[in-house]
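Laboratory data are not the source of any read-out in this text; all were calculated from the coordinates shown. The model shown is predicted, which means the values in this text are computed figures rather than measured ones. Cβ sites come from the backbone with ideal geometry, for glycine too, and all protein chains shown count toward neighbours.
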Amino acid sequence: MKYLIIACLIVSGAFAANAQAAKPDTAHVPAIVFVNQDTLLNNYDYFKAVKVKMQNLAQKAQDEITAKGQAFQKEVAAYQKSVNLLKPAQKAAKEKKLAAEQQQLQNMQQNTGKQLQDIESSENATLYDKIAAFLKGYCKAKGYKIILTYSKTNPSMLYGDGSLDITKDVLVGLNAEYKAGK
């Protein structure tokens, strides 16, 4: 989610309900403005909800893997206690069963990790689409030609004059749109 890159070119489309209906005076409007990505993501209610959702999914998956891992360890400990009492055929069968269970546990860990990555990727795409769609209308309503993004963690833009920072205004619109859609 940290690698969201926003570049907005003027395109047709309706702006959110809170946009100004009148065309802006483009003679006094800067052609290029920017959004602080760090501030945007930290304060965008939709992103906060997605972050909580992902944390909950990851915790649930980790709890399930931990529980199954602990059950497996108990089964291994029980086997180790009784290994001397087992006949060679029983010992081999139990070891084969334990090896299969260990492989299943490893597969579960890998599959869960992949599923979480897929969900996060999908959520990132949705996040990008929501922001980009909002900014298309926002650009048209405000008369901007391009909206750049700035982030301390991924600085593709090294400096932008504060008068060109539209982050607060964008956040108000995005959060209003998110709340209206809930």
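Taking 32 Å as the limit for the C-alpha separation, the pairs LYS81/LYS114; LYS94/LYS114; LYS142/LYS179 exceed it in the case of LYS81/LYS114. For segment 75-82, 3J(HN,Hα) computed residue by residue from phi via the Karplus equation (6.51, -1.76, 1.60; θ = phi - 60°) reads 5, 5, 5, 5, 5, 4, 5, 9 Hz, glycine and proline entered as x. Listed from fewest to most Cβ neighbours within 10 Å, the set LEU148, LEU85 follows the order LEU85, LEU148.
So how much slack lies between GLN110 and ALA89, counting 0.36 nm per residue of separation and subtracting their Cα-Cα distance, in nm?
Result for the pair: 4.4 nm of gain on full extension.
For segment 119-127, backbone phi angles converted through the Karplus equation (6.51, -1.76, 1.60; θ = phi - 60°) give residue-by-residue couplings of 5, 4, 4, 5, 5, 4, 5, 5, 4 Hz, Gly and Pro being listed as x. Local charge for TYR79 was computed over the other residues whose Cβ lies under 13 Å away, with Lys and Arg +1 and Asp and Glu -1, and equals +3. Proximity of backbone amide H atoms, modeled 1.01 Å from N, is registered between LEU148 and VAL33, PHE34, VAL35 at under 5 Å, excluding neighbours fewer than 5 places apart on the same chain. Backbone N atoms of segment 112-132 closer than 18 Å to the 7 Å Cα→Cβ label point of LYS51 belong to residues 120-131. Of all aspartates and glutamates in the structure, those lying under 14 Å Cα to Cα from LYS140, and not within fewer than 8 positions of it along the same chain, are ASP25.
Check the straight Cα-Cα distances from LYS68 and name the aspartates and glutamates below 14 Å, setting aside those fewer than 8 residues away within the same chain. By straight Cα distance, LYS68 reaches GLU101. How big is D, in µm² s⁻¹, for the chain by Stokes-Einstein at 37 °C and 0.692 mPa s if Rh is the Kirkwood radius over C-alpha pairs? D = 162 µm²/s. Each residue of segment 140-154 is assigned a 3J(HN,Hα), and the resulting list reads 5, 5, 8, x, 7, 9, 9, 10, 9, 10, 10, 8, 5, 6, 9 Hz, derived from the Karplus form 6.51 cos²θ - 1.76 cosθ + 1.60 (θ = phi - 60°), x at Gly and Pro.
Subtracting the Cα-Cα distance of LYS74 and SER163 from 0.36 nm times their residue separation leaves 25.8 nm of extension gain.
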